[in-house]
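Asker: Please find one structure pasted underneath; my questions will follow.
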Amino acid sequence: MSSRRALHFVFKVGDRNKTARFYRDVLGMKILRHEEFEEGCKATCNGPYDGRWSKTMVGFGAEEDHFVAELTYNYGVGEYQLGNDFLGLTLQSSAAISNAKRLGWPLTEVAEALYVTKAPGGYDFYLIDKEQPTHDPVLKVCLGVSDLQRSTRYWTTLLGMKVMKTNEEKKTVLMAFADTQCKLELQDIGGTVDHGTAFGRIAFSCPREQLPDIEALMKKENQKILTPLVSLDTPGKATVEVVILADPDDHEICFVGDEAFGQLSVMDPKGNDLLDKAMAEDKSDEWFAKHNRQKAAA
């Protein structure tokens, strides 16, 4: 399935200002595009919320050849409860480590030349202390599973990923659609996977013609389909088609048609300014502080 490609991981964020500082100033990522929406997504991209929200794509380079982060912000929700489903994103960048030290961002050395830090909201990011590669510095995303053999079978047999490496001691399996892509690592946590309210979603692209086949296979195998094939509109941009699945531990998986996504995901030179403008105009923090109240916790 080399025609399939890892695209991004979706994080729910409660504080856009702190989050933007982490991705831009600590990690050194760029704002690739920023979009505002007046109502919830038909495929629940922003979670189970119907109100106003925004999407910000951040990464080290264009979405066409980099694995990036999708940051979804629901106006009025300031905090999400973490589970044990997302175990970390690993990237290679000595520059990010230097940035964290310079800015006083909390950083812990967990092994030789390996540090861990937390994005706002508590998400773990592992930083390898080596020069940032010319290709994508984002190396892998790690997700917790309750039955490694069952999950490996799902991701390989049904979704077509290839096993790259198995570590029996750490109870991990590393897989991908191609060697050159960001890898997916599954780690057996020896118990139930809890998604909390911060649960994310991993996205992949595939040729549009494969979407009905993916949906049909999941129906045939009695697997979970969260959102049957649907078209998603973005104001002023291309309409994409997606199918949203859930693996045996209810990790959300989005497959999106490659052709339209290629048009939608073109880097917007105004993305940085649009995010700054949206944050400046979002007076919710001031309102809650003035009324001595806290934003809702999801």
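Bear in mind these aren't lab numbers, they're just calculated from the coordinates by the rules spelled out. It should be emphasised that the depicted structure is a prediction, and the values quoted were computed from it without experimental measurement. Quick reminder, even Gly has a Cβ in these numbers, built from the backbone with ideal geometry, and neighbours come from all protein chains shown.
Asker: How large is the dipole of the range 112-177 about the Cα centre if only Lys and Arg carry +1 and Asp and Glu carry -1, each at its Cβ, rounded to the nearest 20 debye? Display every interim value, and only then the final one.
Answerer: On the way: 9 positive and 8 negative charges, 66 e Å.
Roughly 320 debye, rounded to the nearest 20.
Asker: By count of other Cβ within 10 Å, fewest leading, how are Tyr73, Tyr115 ordered? Before the final figure, lay out the partial values.
Answerer: Numbers: Tyr73 25, Tyr115 19.
Ordered from fewest to most neighbouring Cβ atoms within 10 Å, Tyr73, Tyr115 come out as Tyr115, Tyr73.
Asker: Okay, next question. How do Glu252, Glu259, Glu286 rank when sorted from fewest to most other Cβ atoms within 10 Å of their own Cβ? Each step should come with its number before you reach the end.
Answerer: Numbers: Glu252 23, Glu259 15, Glu286 9.
With the fewest neighbours first, Glu252, Glu259, Glu286 line up as Glu286, Glu259, Glu252.
Asker: DSSP loop (so not H, G, I, E, B), at most 13 other Cβ within 10 Å: list which trypsin sites (Lys or Arg not before Pro) in the range 1-55 pass both filters.
Answerer: Numbers: sites: Arg4, Arg5, Lys12, Arg16, Lys18, Arg21, Arg24, Lys30, Arg33, Lys42, Arg52, Lys55; in loops: Arg4, Lys42, Arg52.
Hits after loop and neighbour filter: Lys42.
Asker: Still on this structure, please answer the following. Tell me, for the chain, which Cys residues have no other cysteine's C-beta sitting closer than 4.7 Å.
Answerer: Flagged as lacking a Cys partner: Cys142, Cys182, Cys206, Cys254.
Asker: Whole angstrom only: what separates the Cα centroid of the range 149-227 from the Cα centroid of the range 38-81?
Answerer: The range 149-227 and the range 38-81 have Cα centres separated by 21 Å.
Asker: Of Ile31, Ile202, how do they rank once you tally other Cβ atoms within 10 Å and put the fewest first? Write out the running numbers ahead of the final one.
Answerer: Numbers: Ile31 23, Ile202 20.
Fewest-to-most ranking of Ile31, Ile202: Ile202, Ile31.
Asker: While we're looking at this one, here's another question. Tell me which residues come under 5 Å, amide H to amide H, from Glu79 once H is placed; ignore anything under 5 positions away on its chain.
Answerer: Under 5 Å from the amide H of Glu79 lie the amide H atoms of Ala298, each far enough along the sequence or on another chain.
Asker: Quick one: Debye curve from the C-alpha atoms of the chain, no solvent, what's log10 I(q)/I(0) at q = 0.09 Å⁻¹?
Answerer: With one equal scatterer per Cα and no solvent, log10 I(q)/I(0) is -0.42.
Asker: Follow-up question, since we're still on this one. Relative contact order (percent) for the chain, with alpha-carbon contacts under 8 angstrom and 6 or more residues of separation?
Answerer: On the way: 663 pairs, mean separation 66.0, N = 298.
Worked out over the chain, it gives 22 percent.
Asker: Rounding to the nearest 20 debye, state how big the charge dipole of the chain is about its Cα centre with +1 on each Lys and Arg Cβ and -1 on each Asp and Glu Cβ. Mind dumping the intermediate values first?
Answerer: Numbers: 36 positive and 45 negative charges, 76 e Å.
In total the dipole reaches around 360 debye.
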